[in-house]
Amino acid sequence: MGQEKTAVVTHLTRVALSLMPEAEVFNELYAQELTPDIVRQVGKIKAQRAERVAAMMELMTDQGFTFQRDKQIIFGYSNTIEAYEIKRDLIRAGFADREFQIYLEYTRGWGML
């Protein structure tokens with residue numbers, strides 16, 4: 001007795017949140033003649049997307065996720081929340097599954113698998 005259990009396999013859940021809206025949104029705007037109004041619309045769309053990303057980050061922060069950024073993508077990391085749990089929680093909170101990408105990585109620990 002008194003022996004600590006060590007995990008044979010650990011996991012890392014990584015959630016990618018893009019700060020850029022979907023390309024189709026911009027394609028429709030840029031197909032029109034370029035005007036100051038079009039530029040303002042693009043700015044509003046980017047601001048709306050940033051707000052959505054911030055709201056997802058708040059939900060994920062409450063669950064212990066940490067964050068890093070890489071250009072236009074914010075990555076949330078957790079080794080305690082499984083991929084299906086965060087997907088379920090984000091969708092329940094009103095976010096569409098196209099607004100984020102989830103990656104689940106397993107790492108083998110020492111010992112037998």
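Among residues of the range 41-84 being of a type in the set (D, E, K, R), open to solvent by 100 Å² or more (accessible area, probe 1.4 Å) and at pLDDT 90 or above, the one that is farthest from Glu99 (Cα to Cα) is Asp62. Being farther than 26 Å from Leu90 by Cβ and among the small types (Gly, Ala, Ser) is a condition met by no residue of the range 33-49.
For the range 91-104, taking the residues that are under 17 Å from Glu51 (Cβ atoms) and hydrophobic (A, V, I, L, M, F, W, C), the one that is nearest to the chain's Cα centre (by Cα) is identified as Phe100. Determine whether Val8 is at pLDDT below 80, aliphatic (A, V, I, L, M) and closer than 25 Å to Tyr77 by Cβ. Against the criterion (at pLDDT below 80, aliphatic (A, V, I, L, M) and closer than 25 Å to Tyr77 by Cβ), Val8 qualifies.
Looking only at the range 67-90, residues that are within 12 Å of the chain's Cα centre (by Cα) and closer than 11 Å to Thr13 by Cα come to 7 in all.
Against the numbered list (1) farther than 22 Å from His11 by Cβ; (2) without any contact (Cβ under 8 Å) to a residue 12 or more places away in the chain, Ala93 comes up short only at (2).
Might you check whether a residue that is under 30 Å from Arg108 (Cβ atoms) and open to solvent by 40 Å² or more (accessible area, probe 1.4 Å) occurs anywhere in the range 19-29? Scanning the range 19-29, I find no residue that is under 30 Å from Arg108 (Cβ atoms) and open to solvent by 40 Å² or more (accessible area, probe 1.4 Å), so the answer is no.
Any residue that is modelled with pLDDT of 95 or more and either of a type outside the set (Lys, Arg) or under 13 Å from the mean Cα position of the chain (by Cα) (or both) - is there at least one of those in the range 17-38? Looking through the range 17-38, at least one residue is modelled with pLDDT of 95 or more and either of a type outside the set (Lys, Arg) or under 13 Å from the mean Cα position of the chain (by Cα) (or both).
The values are calculated or read from the model by the stated rules, or taken from the named source; none is laboratory data. Bear in mind the structure is a predicted one, so any value in this text is a computation, not a measurement. Every residue, glycine among them, receives a Cβ derived from its backbone with ideal geometry; neighbour counts consider all protein chains shown. Areas reflect the complete protein model, heavy atoms only, side chains present, ligands, DNA and RNA absent. Shrake-Rupley method; radii C 1.70, N 1.55, O 1.52, S 1.80 Å.
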